[in-house]
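For reference, the structure discussed in these notes is given below.
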Amino acid sequence: RGIAPNIATEVFNLMEYFSGYGFNKSHSAAYALIVYQTAYFKTNYPQEYMAALLTSVMGNSDKVGLYIEECRRMGLRILHPDVNHSQIAFTPEDDQIRFGLMGVKNVGIGAIERIIEERQKDGQYTSVLDFCRRVSHQLVNKRVVESLIRAGAFDFTGTNRRQMLSVIENFFEKSSRNNLHRNQLNLLETSNELLPKWQ
């Protein structure tokens, strides 16, 4: 087409390079808007923004670690998980961020919902044994409790984590016996209600 080979080659090489990672103007504008919004939130609402960001990557421990380091750089303290205070997600708490229970390894959503539901219904847990007595062992099994202990979710008790892990088997046996006894009493009460009332 009458274009010098060296110019045609240079133009083609530029086009080829651009095709590797190029955006049209509308795409670039959309990204620029998101960058502006996130920069605004990070600057003006750092606690809420970082809590939301941490929640968005809860399944990726590498990214969680990276963003926790960013929180420290920003002067935001990350509070360890706590069965009496943590929610499912990372949440702002005072001037800090509370670690979400969903970020604890081996703890599923069903177990977390049960823990929070029981806490809202009958108040805060006073000990690991109290916790084991009150939650369903089908949802919150021994592995879940061990993971919570290791993550610091029972540090409020003031007991050493290793000590708690060493007696967890006994706690589960005691709480299972109590639950069985309670269920037997409930069954007897129900049976008595079904029996005919003699005059």
Per-peptide average of other Cβ atoms within 10 Å, ordering 136-142, 102-108 highest first: 102-108, 136-142
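Kyte-Doolittle mean at least -1.0 and Cα extent at least 27 Å along the axis: which DSSP H helices of the chain qualify? If you can, show how the numbers build up before the last one.
Working: long enough: 25-44 (28 Å, -0.12); 161-194 (48 Å, -0.94).
Span-like helices in the chain: 25-44, 161-194.
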Calculated FRET value between Ala32 and Ser61, using beta carbons and R₀ = 41 Å, to 0.05: 0.85
Anisotropy class of the range 60-123 from Cα gyration tensor, a/c 1.5 cut: oblate
Percent carbon-and-sulfur accessible area, the chain, ignoring ligands, DNA and RNA, probe 1.4 Å: 55
Where N is the number of residues in the range 104-168, Cα Rg divided by 2.2 N^0.38 Å: 1.02
The chain, helix-only ellipticity at 222 nm - DSSP H runs n ≥ 4, -39,500 (n - 2.57), divided by all residues, nearest 500: -21000 deg cm²/dmol
Long-range HN-HN contacts of Leu79 with modeled amide H, under 5 Å: Ile97, Arg98, Phe99
Arg143-Glu69 FRET efficiency (beta carbon distance; Förster radius 25 Å; 0.05 resolution): 0.30
Under 12 Å from Lys105, Cα to Cα: aspartates and glutamates that are on another chain or at least 8 residues apart: Glu146
Karplus-derived HN-Hα couplings along the range 80-96 (A = 6.51, B = -1.76, C = 1.60, θ = phi - 60°), whole Hz, x at Gly and Pro: 5, x, 8, 5, 9, 10, 5, 9, 5, 9, 5, 9, x, 9, 6, 9, 10
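Suppose accessible area is computed on protein heavy atoms with a 1.4 Å probe; arrange Ser26, Ser127 from highest to lowest.
In descending accessible area the options line up as Ser26, Ser127.
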Length gained when the stretch Glu173-Glu16 is fully extended (0.36 nm per residue, less Cα-Cα span): 49.7 nm
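The values are calculated or read from the model by the stated rules, or taken from the named source; none is laboratory data. Keep in mind it's a predicted model, so treat the numbers as computed, not measured. Here Cβ is always computed from backbone atoms with ideal geometry, including for glycine, and neighbour counts include all displayed protein chains. What goes into the accessible areas is simple: the full protein's heavy atoms, side chains included, and nothing from ligands, DNA or RNA. Shrake-Rupley method; radii C 1.70, N 1.55, O 1.52, S 1.80 Å.
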